[in-house]
Amino acid sequence: MIVDVHTHAPTSRGPCLTKREEERNDIAPGRTFAREFSWEDHYKAMEPVDKAFVIGYPPSEKERKVKDLAYVTLDDVAEYVKYHEEKLIGVMWLDPLQETALDELERGYHDLGLKVVKIGPIYDDFDPTDPIAIAFYHKISKLGLPLMIHQATTFRGPGPRRLSYAKPDMIEVIAHAVPDLKIVIAHMGHPWYWDTVVLIRKEPNVYTDISAQFYRPWQFYNEILCAVEYGVHEKILFGTDFPITTPAETIAACRNINHLVEGTNLPKIPEEVVEGIIHRDALALLGL
């Protein structure tokens with residue numbers, strides 16, 4: 001089984017009238033990707049995988065006036081996922097400090113059938129260890145849902161985007177406060193992957209994913225090597241961050257991870273580790 005735990009929801013149901021392809025070196029150096037894409041575009045890209053998480057991006061209060069961002073609501077995600085429910089799993093992006101967060105969590109789970117929660121402290125500008133946020137995580141745990149956290153750096157955008165809210169080691173507080181909560185740290189917590197590795201080693205219910213990592217090949221190699229050396233590679237989940245990368249090219253990059261060290265004395269990532277990441281059953285690990 002191949003499960004892509006990190007893809008972003010389509011911005012439109014039908015064909016996009018203006019497909020904006022752009023190169024954003026601040027996001028993904030040298031890569032071109034579509035800012036707007038359809039249901040068909042997303043579903044076709046997911047052909048290599050058996051299951052895919054689909055993440056919406058509702059605007060925060062601070063970003064509602066920014067017109068250049070493609071927002072996708074919980075209802076949009078639910079509508080798309082229902083159309084391909086044999087393959088797709090809906091993820092609700094929520095801001096725990098918004099007054100409507102608990103109501104939207106209940107609605108997303110009970111009414112819309114969404115099965116995963118995602119938060120982005122660096123985007124929505126909140127301390128992930130805030131007591132209000134901790135109470136929110138308790139509710140997620142009570143519902144039996146896993147939590148994905150963008151606990152990593154990001155590119156320049158609206159709002160302060162404080163790196164102080166993005167460090168992976170902050171998740172230790174959450175893991176201790178809500179020990180039964182399954183947590184996924186997105187993007188290996190880059191660039192602080194070493195903190196992510198030692199955290200998933202210590203905390204039994206904390207995992208990470210490799211989404212949007214391979215196009216920085218030296219960092220990607222060192223992330224996986226670090227996890228191997230600490231014996232936690234089995235807690236790494238497959239993910240792409242589509243449309244930034246696709247499942248097909250991420251699988252190919254994983255299988256080519258040792259090209260940088262060919263002909264050197266540097267250690268190679270074992271093939272069984274690579275295939276284990278690609279084929280990891282994230283649904284079983286996250287209780288889905």
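A short reminder: the numbers here are calculations on the coordinates, not readings from a lab. Values in this document were obtained by computation on a predicted structure and should not be read as measured data. Counting neighbours? That spans all protein chains shown, and the Cβs are built from the backbone with ideal geometry, glycine included.
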Next item on the list: Please find the FRET efficiency linking Trp218 to His279, where r is the Cβ-Cβ separation and R0 is fixed at 25 Å, and quote it to the nearest 0.05.
Entry: 0.50
Next item on the list: Would you mind pulling out the separation of the Cα centroids of the stretch 196-250 and the stretch 253-288, in Å?
Entry: 9 Å
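Find how much the distance from Asn256 to Asp127 grows on full extension, using 0.36 nm per residue of separation minus their present alpha carbon separation; answer in nm with one decimal.
42.7 nm
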Check: How many nm is it between the label spots at Thr100 and His176, if each spot is 7 Å from the Cα in line with the beta carbon?
Finding: 3.5 nm
Margin query: Expected output is a single nm value to one decimal: the length gained when fully extending between Tyr83 and Ala135, i.e. 0.36 nm times separation in residues minus the C-alpha distance. What is it?
Written below: 15.4 nm
Checklist line | Packing-based ranking, highest mean first, of 277-287, 145-155, 181-191 given that Cβ atoms within 10 Å are counted | finding: 181-191, 145-155, 277-287
Next item on the list: Quickly rank 226-237, 86-97 as a protection proxy: mean count of other C-beta atoms within 10 Å, highest first.
Entry: 86-97, 226-237
Next item on the list: Under 15 Å Cα to Cα from Lys167, which aspartates and glutamates show up? Leave out anything in the same chain fewer than 8 places away.
Entry: Asp124, Asp125, Asp127, Asp130, Asp195
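Divide by every residue of the chain the summed helix terms, -39500 (n - 2.57) for each DSSP H run of at least 4, and state the resulting mean residue ellipticity at 222 nm, rounded to the nearest 500 deg cm²/dmol. Could you put the intermediate results ahead of the total?
Numbers: 11 runs with 91 residues, N = 288.
The per-residue figure over the chain is -8500 deg cm²/dmol.
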Margin query: Taking loop as defined by DSSP and a crowding limit of 15 other beta carbons within 10 Å, which trypsin sites (Lys or Arg not before Pro) in the stretch 145-178 fit?
Written below: Arg156, Arg162
Note to self: Once R0 is set to 41 Å, what does the formula 1/(1 + (r/R0)^6) return for the Cβ-Cβ distance between Asn265 and Asp50, expressed as a FRET efficiency to the nearest 0.05?
What the structure shows: 0.60
Notebook entry, point to check: Which of the aspartates and glutamates could a cross-linker span from Lys268 if the Cα-Cα distance has to be under 18 Å and same-chain partners fewer than 8 positions apart are dropped?
Noted result: Glu223, Glu229, Glu234
Next item on the list: Give the label of the value calculated from the structure for volume of the Cα convex hull per residue in Å³, choosing from (i) 119; (ii) 163; (iii) 146.
Entry: (i)
Next item on the list: Just need the relative contact order of the chain here, percent rounded to a whole number, with Cα pairs under 8 Å and 6+ apart.
Entry: 19 percent
Next item on the list: Let me have the relative contact order for the stretch 142-288, percent, based on Cα pairs under 8 Å that are six or more residues apart.
Entry: 20 percent
Check: Using the Karplus equation 6.51 cos²θ - 1.76 cosθ + 1.60 (θ = phi - 60°), what ³J(HN,Hα) coupling, rounded to whole Hz, does each residue of the stretch 173-178 give in order, writing x for Gly and Pro?
Finding: 4, 5, 4, 7, 6, 10
